[in-house]
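Undergrad: Have a look at this one.
Every number here is computed from the coordinates shown, using simple stated rules; none is lab data. These figures come from a predicted structure and were not determined experimentally. Methodologically, a virtual Cβ is constructed for each residue, glycine included, from the backbone with ideal geometry; neighbour enumeration extends over all protein chains shown.
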Amino acid sequence: MEKDIIIRPGEVEDDKPPQREVTMDVEHDPVGQKFFIHLGNVEAVLAYTQVNNILDFHHTVVPEAFRGQGLAEKLCISAFEFAKKNGFKVIPSCPYISQKFLPGHSEYKDLVTENYF
């Protein structure tokens, strides 16, 4: 008789994603200055710093077990749409955003600025 394997919240077996409910909805935390997706006990995050009417998108991270599913792009689209809707300019400091995301999304080029001044 085989024994059932029990995975408790916060545990990962064989580097697989946790066996908890995963939402693919992007949420915005303006106090924490981040856009994020809950992935069980971890998050995919696009972090930014706001200075006046400029958002510096400086860091995008997706946990390794969830890469290759388009989550970074989903975070970027939500963040750029937020910027567009609210009249912000964007500094794309994160290499993923400047080198991978923006070349394929020319619809956001008018939002891009290079500095705070």
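Undergrad: For the range 57-117, which GluC sites (Glu not before Pro) pass both filters: DSSP loop (anything but H, G, I, E, B) and at most 14 other C-beta atoms within 10 Å?
TA: In loop regions of the range 57-117 (DSSP not H, G, I, E or B), the sparsely surrounded GluC sites (Glu not before Pro) are GLU114.
Undergrad: Compute the separation of the alpha-carbon centres of the range 37-68 and the range 84-117 and state it in Å as a whole number.
TA: What the calculation gives is 15 Å, centre to centre.
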